[in-house]
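Inspection log for the structure reproduced underneath, given as structure tokens.
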Amino acid sequence: MAPDTSPIDQAQQFTRMRSLLMHPLIRDDLSKRRALRCLTAARHNVFDALGLGRKENYHSRFMGYLLDPTERHDQGAVFLCSFLDWLREHHGLPSSTAKGWTAGQVQGTLAPKALVTAEKDTGGSGRIDLVLELSDGTTIAIENKVDAQEQEDQLGRYWHWLRSLGKRADQLMLVFLTPDGRAGTTAGARDHIVRMSYGQLAEVLERGMARCPETAHALIATTRQYIQLCQRIAQGDPQMSPPNPEIVTFLQDTRNLEVALDLQEHLNRYVLEDIKRVFRGQVMVALQTKLALTPAADTWVAGSRKGDDAVIGLLPKTSVPSYPGYSCVVELRFAMWKNYVGWYRPAWLRTQDGGRTTAEVEAKMQGNALGTTEGWWVVWKHLNDFAWAKSLQEWTPENILEIHRDNQSESHELANRLSDLIWSYFEPYHKEMETLPDFSVPAGS
């Protein structure tokens with residue numbers, strides 16, 4: 001006789017799940033973690049609080065501040081020498097620099113002198129995030145990428161600028177700083193790129209901080225928080241608390257593991273996706289409410305793009321459902337590198353000179369500093385630019401809970417703020433978008 005393969009009785013399954021969640025080991029551990037966070041404020045970070053955690057230009061400025069021996073941290077070249085030490089150990093500095101200074105020679109006449117410039121304008125080659133011009137003639141350029149991808153021929157252009165300085169090859173260096181220390185894809189065959197990760201940057205700053213006097217409390221506290229931010233960027237996810245070994249042992253029991261895996265499946269396949277769906281729905285309800293009070297309701301509708309429910313906002317009404325049209329949307333994927341808001345252009349305009357049809361409106365938007373243009377977008381901004389949208393930028397446990405609470409609240413404050421942001425792009429320009437040649441197409445086209 002074949003074994004019984006019928007599903008576990010749902011009532012029994014629910015009882016087992018509830019028993020697992022209510023077990024003292026799990027409840028007490030959660031309570032202890034909350035109490036520890038309250039005592040230590042371990043998740044507090046001033047850079048995150050100011051909404052600067054993923055903004056490359058602010059990273060470059062703070063790095064430049066620490067690396068500049070003349071800045072107001074008053075520690076001379078401690079951080080610069082730590083950086084030069086790392087370059088010497090891992091990649092080999094230009095020969096004159098490698099012989100010039102050691103880790104201990106950070107004060108007085110032997111200390112390296114440097115002109116540090118953030119957002120260095122190179123003329124036709126673009127702006128380099130950070131340039132260090134050392135007193136021995138060495139020039140070190142640092143290109144910093146947190147979320148953005150390389151621009152066309154970007155590293156190659158920077159190497160062209162470095163060579164244009166007329167210095168020896170051993171006096172030039174280009175450092176490519178990224179979360180994971182990845183290789184650049186836009187350098188030429190002769191361009192030597194030094195790869196550096198944010199984790200390695202954290203190590204460099206740790207060394208520098210260790211050379212600061214213990215009484216430099218403000219500098220140490222701020223630098224330590226920046227180091228923590230660098231480590232988090234390198235890891236890709238917020239730092240997790242160490243596991244409770246008793247809970248690990250408890251879950252390794254076959255019966256408990258079976259229930260835990262069942263819970264995980266319910267959480268991943270149903271609960272989390274439903275939280276996303278409900279939140280997007282609340283945003284669309286808020287948009288439709290705004291729209292209903294205006295004449296634009298005759299032409300536009302709140303909804304999501306066909307085949308991609310993560311792209312939600314205000315779409316043009318059309319008799320051809322698959323036609324994308326110009327739309328004012330947010331690309332809400334709950335991932336640091338995917339959350340954009342602004343005006344979206346039809347797919348084919350990217351390769352059919354769509355810039356000509358949107359140029360006038362685009363120029364007006366740019367003049368009002370609403371964002372930038374790129375690929376599919378007419379104009380956009382990243383949700384990282386808005387501190388209140390932090391919970392929409394990473395699918396972490398804390399953010400999931402915040403979004404779930406917003407779904408369950410009566411005010412839906414977070415959904416309404418996102419709706420207001422989309423509307424701030426839509427309201428000034430929707431009439432002008434309706435006049436563009438490719439706004440709509442006849443039925444049956």
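Bear in mind these aren't lab numbers, they're just calculated from the coordinates by the rules spelled out. This structure is a prediction, so every number in the text was calculated from the model and none was measured. Neighbour counts are summed over all protein chains in view; Cβ atoms, including those assigned to glycine, are modelled from backbone coordinates with ideal geometry.
Look at the dipole of region 56-235 built from charges on Cβ: of Ser164, Gly208, Phe79, the Cα furthest out on the positive end belongs to Ser164. As a calculated quantity, the FRET efficiency between Thr215 and Glu71 at R0 = 25 Å, using C-beta atoms, amounts to about 0.85. Residues of region 24-58 with backbone nitrogen within less than 19 Å of a virtual label 7 Å along the Cα-to-Cβ line of Glu246, please, listed as ranges. Residues 24-37 qualify, since their backbone N sits under 19 Å from the label point. Do any of Lys113/Lys167; Lys338/Lys364; Lys390/Lys431; Lys306/Lys381; Lys276/Lys317; Lys317/Lys381 go past 27 Å between their Cα atoms, and which? Among Lys113/Lys167; Lys338/Lys364; Lys390/Lys431; Lys306/Lys381; Lys276/Lys317; Lys317/Lys381, the Cα-Cα distance tops 27 Å for Lys390/Lys431. A Förster radius of 35 Å, combined with the Cβ-Cβ distance separating Thr396 from Arg190, puts the computed FRET efficiency at roughly 0.25. Annotation: the residues Trp337, Trp86, sorted from fewest to most other C-beta atoms within 10 Å of their own C-beta, follow the order Trp337, Trp86. Across region 255-263, coupling constants 3J(HN,Hα) worked out from phi with the 6.51/-1.76/1.60 Karplus curve, θ = phi - 60°, read 5, 5, 5, 4, 5, 4, 5, 5, 4 Hz, and Gly and Pro carry x.
The length gained on full extension between Gln288 and Asp420, counted as 0.36 nm times the residue separation minus their Cα-Cα distance, comes to 46.4 nm.
The trypsin sites (Lys or Arg not before Pro) found in region 21-80 that occupy coil by DSSP, while having at most 16 further C-beta atoms within 10 Å, are Arg43, Arg72. Taking the number of Cβ atoms within 10 Å of each Cβ as an exposure proxy, the fewest-first ranking of Val301, Val341, Val285 is Val285, Val301, Val341. Consider a paramagnetic label point 7 Å from the Cα of Glu273 along Cα→Cβ; state which residues of region 281-314 have an amide N under 14 Å from it. The answer is 308-310.
The gain in end-to-end length when the Ile26 to His91 segment is fully stretched comes to 18.7 nm, 0.36 nm per residue minus the alpha carbon separation.
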